[in-house]
Amino acid sequence: MKITAFTVLICLFAVISLVSLLQRVRRDVLGFRSALIWAVLWLSIAVFSVFPDLLNELMEAAGMENRLFFLLVIAVLVLSALVFNLTSRVDRLSRDVGLTVRELAIATHRIAGLAAERRMIVDEAPALSPPGEGSGPTNTE
């Protein structure tokens, strides 16, 4: 294994990205699932940059002969899994938004009904006049 400046640069970039990722998780900017996916990605980049022969062994175990084709297949599989995961999340969020909108509409309707009932009760109540005007005992001496 020969360590070149490019290998060090890639590994350093992966380590910096991992540190940034951990900071985002601590500040609650990034969720656990997303952080886990990115951590696996950056760790694998760091490991394969330091140990490129490990990639060759994985490639041979998969029965492939071309390293570039192997990386392309892995990338397509990972991206397909990410797209499926994101699509599932978007569908769930869409369903949740629809449910929330329906619940809000029902609550608004109930509030409007209660406000209408209150207006009817206030309209039916006898009008009270201010003190000193018309009602109550008066002193005429």
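Side notes on the structure shown:
- Residues of the range 24-47 satisfying the condition of being under 13 Å from the mean Cα position of the chain (by Cα), of a type in the set (Val, Ile, Thr) and surrounded by 14 or more Cβ atoms within 10 Å (Cβ to Cβ): 25
- Tally, over the range 34-71, of residues that are touching a residue at least 12 places away in the same chain (Cβ under 8 Å), of a type outside the set (Phe, Trp, Tyr) and over 30 Å from residue 24 (Cα atoms): 3
For (1) among the small types (Gly, Ala, Ser); (2) on the phi > 0 side of the Ramachandran plot, each residue gets a yes or a no:
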site	(1), (2)
24	no, no
28	no, yes
34	yes, no
44	yes, no
50	no, no
54	no, no
63	yes, yes
70	no, no
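- Subset of the range 48-66 that is part of a loop (DSSP other than H, G, I, E, B) and over 37 Å from the mean Cα position of the chain (by Cα) - its residue that is nearest to residue 12 (Cα to Cα): 66
- Just one of the listed residues (118, 92) is outside the structural domain of residue 9 (by TED's automatic domain parsing), among the basic types (Lys, Arg) and at pLDDT below 90, namely 118.
- Within the range 7-33, the set of residues being under 23 Å from residue 51 (Cβ atoms) and either touching a residue at least 60 places away in the same chain (Cβ under 8 Å) or not in a helix (DSSP H, G or I) (or both) is empty.
The values are calculated or read from the model by the stated rules, or taken from the named source; none is laboratory data. Remember, predicted model here, so these are calculated numbers, not experimental data. Neighbour counts are summed over all protein chains in view; Cβ atoms, including those assigned to glycine, are modelled from backbone coordinates with ideal geometry.
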